[in-house]
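Peer 1: To start, I am sharing the structure in question, which I have written as structure tokens.
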Amino acid sequence: MNVWVIIGLVVAGVVTLPLLMAVLPQGKPYNLTREDVANEIEAFLHGTGGAFDWDDFCTFTIADPELDKIRARCAQLDEEFPPDSSGGYCNEKGMNILRGYVEGLRRSSP
């Protein structure tokens with residue numbers, strides 16, 4: 001196969017894939033409870049979640065707007081509070097925010 005054809009296919013894929021991701025339906029939002037969200041965050045804090053659980057939690061929309069706002073904030077804590085060492089998700093201030101979410105969600109759960 002010609003090198004230019006391969007380069008063209010790669011460029012077309014790089015340009016097309018993000019456009020498709022933007023217009024394709026992403027599925028229904030998850031119906032998580034306050035306790036579910038607290039459990040997800042706590043599992044992340046304790047390192048007891050599955051390999052992709054945190055990525056899934058941060059990526060997929062939650063039906064309850066208040067809980068989805070928490071999810072969205074969790075998803076950007078690594079940028080807002082960069083880790084102090086490599087391999088960490090965020091620094092101690094970010095981890096304290098996660099702990100606060102767990103506490104607040106459990107305190108207000110029915």
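Peer 1: For residues that are more than 17 Å from N31 (Cβ to Cβ), in contact with a helix residue (DSSP H, G or I) (Cβ under 8 Å, 6 or more places away or on another chain) and in a loop (DSSP other than H, G, I, E, B), tally how many sit in the range 49-82.
Peer 2: Counting residues in the range 49-82 that are more than 17 Å from N31 (Cβ to Cβ), in contact with a helix residue (DSSP H, G or I) (Cβ under 8 Å, 6 or more places away or on another chain) and in a loop (DSSP other than H, G, I, E, B) gives 2.
Peer 1: OK, next. Is there any pair linking a residue in the range 93-110 that is over 18 Å from E80 (Cβ atoms) and polar (S, T, N, Q) to one that is at pLDDT 95 or above and surrounded by 12 or more Cβ atoms within 10 Å (Cβ to Cβ), with Cβ under 6 Å and at least six apart or on different chains, and which?
Peer 2: Filtered contacts from the range 93-110: S109/R34; S109/E35.
Peer 1: Out of everything in the range 1-56 that is within 24 Å of L77 (Cβ to Cβ) and aliphatic (A, V, I, L, M), what residue ends up being modelled with the lowest pLDDT?
Peer 2: M21
Peer 1: Hey, another quick one. Would you be able to tell me the number of residues in the range 84-98 that are out of contact with any Leu (no Cβ under 6 Å at 6 or more places or on another chain) and either exposed (fewer than 14 other Cβ atoms within 10 Å of the Cβ) or assigned to a loop (DSSP other than H, G, I, E, B) (or both)?
Peer 2: Selection size over the range 84-98: 10.
Peer 1: Give the residues of the range 61-97 that are among the hydrophobic types (A, V, I, L, M, F, W, C) and closer than 14 Å to D36 by Cα, sorted by residue number.
Peer 2: Of everything in the range 61-97, those that are among the hydrophobic types (A, V, I, L, M, F, W, C) and closer than 14 Å to D36 by Cα turn out to be I62, A63, L67, I70.
The values are calculated or read from the model by the stated rules, or taken from the named source; none is laboratory data. In this text, all values refer to a predicted model and were calculated from it rather than measured experimentally. Positions of Cβ are backbone-derived with ideal geometry, glycine not excepted, and every protein chain shown enters the neighbour counts.
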